[in-house]
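Data first, discussion second: the structure below is written as structure tokens.
None of the figures in this text is laboratory data; all of them are computed from the coordinates on show. For clarity, every value in this text was computed on a predicted model and none was experimentally measured. When we count neighbours, we look across all protein chains shown, and the Cβ atoms used for this are built from the backbone with ideal geometry, even at glycine.
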Amino acid sequence: MTFLRRSLPSMNGLFTFEAAARSGSFSRAAEELNVTPAAVSRMMSRLEEHLGTALFLRQPGGVTLTEAGSLLFDAIGRGFAGIESALREIEDRRTGIETVSLSVSTGFTTHWMMPRMAEFKKEFPAVDLRFQLVMGALSGSVNDVDLGMRFVDGPDGRHEAAFVMPEILLPICSPDYMKSHVISGGNVSRVPDTTINLSDAQPDWSKLFTPANGRETHNSMIFSDYAIVVQAALLGQGVALGWLNVVAHWLRNRTLVPAREQLMVTGRRCHLVRLRDKPFRPIVGQVRDWLIAELTEDVRAVGELYPSLNIDIRR
């Protein structure tokens, strides 16, 4: 610790450096810390001068870390994670309530987690969940949470990864919408097909599935939040693409149904990811295992309801 105190002009410099490195911008770091960008710039210059090396490459659109900056940022991340874990444990012991933080999509939270909250609280009465919600594609670091749902190949040097299921997609709609679009007596329904799209979806699914009545789609709605895409399908507004890890609950209770007997397996794999450097708490492992078991059971039940889909969630 004596060397650390000699090596740094102030501990505030570490907090400022971490915010600037994480955000990639002195301006965004200044907003977070409630100071001016000039103050952040001066503090980082003093830190670099004190260490005798550049920590940032300054560019018009922001800043990026040098090799030395990356080395310091990784070390600070590990240190802050340990401090945060200790503070959380102190708080948990004081209140008798454990907290588990999850980085998951708004769609998963709204359409799978929320319907199961009563079951979760029955299983974990002394656990509070805190959500870091991702509106778009599942991406980003899991530095600030206990678990993050991500489509990754598996564990790596910095992350543990517990396999959940492959990425499986299928077109979905409400039962009423399905009834209004069936082909009966050889006559095609006059109601036009409507697709409900996610902007910047990965993958782009607009031409992946053949319309049920063989016609081109006439109408479409596009949303930036997948939770709203699924909600529109629940309300009978059209056909949406269903990520099975999100819509399994609604398919199991038949609030949504497959619009076609077609699946797409992308090759990506869904995992629950955590930082290796973050101290492991048993409750995090218990919540992770519960999430995987419950989701697996939902998908198994959907497979039994619709055997022609040939759903296989093994590795």
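The table that follows gives values for the structure above.
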| read-out | value |
| --- | --- |
| Asp153-Leu235 pseudo-label distance in nm [points 7 Å out on the Cα-to-Cβ vector] | 4.2 nm |
| Potential extension, Ile283-Arg314 segment - 0.36 nm per residue separation minus Cα distance | 8.6 nm |
| Cβ-derived FRET efficiency at R0 35 Å, Ser139 paired with Ala68, nearest 0.05 | 0.85 |
| Net +/- balance of residues flanking Thr36 in space, Cβ distance below 13 Å, scoring K and R +1, D and E -1 | 0 |
| Spin-label model distance (nm) - Ala118 vs Thr99, 7 Å beyond Cα toward Cβ | 2.7 nm |
| Hypothetical label at Gln59: residues of the range 10-27 whose amide nitrogen lies under 17 Å (7 Å Cα-Cβ projection) | 20-27 |
| Gln132 versus Ser27: modelled label distance in nm, points set 7 Å from Cα along the beta carbon direction | 2.4 nm |
| Cut-off 12 Å between beta-carbons: net charge of the residues surrounding Ile168, Lys and Arg +1, Asp and Glu -1 | +1 |
| Difference of contour (0.36 nm per residue) and Cα-Cα distance, Glu297 to Ile222 | 23.9 nm |
| Cα-based Rg of the range 231-315 normalised by 2.2 N^0.38 Å, two decimals | 1.29 |
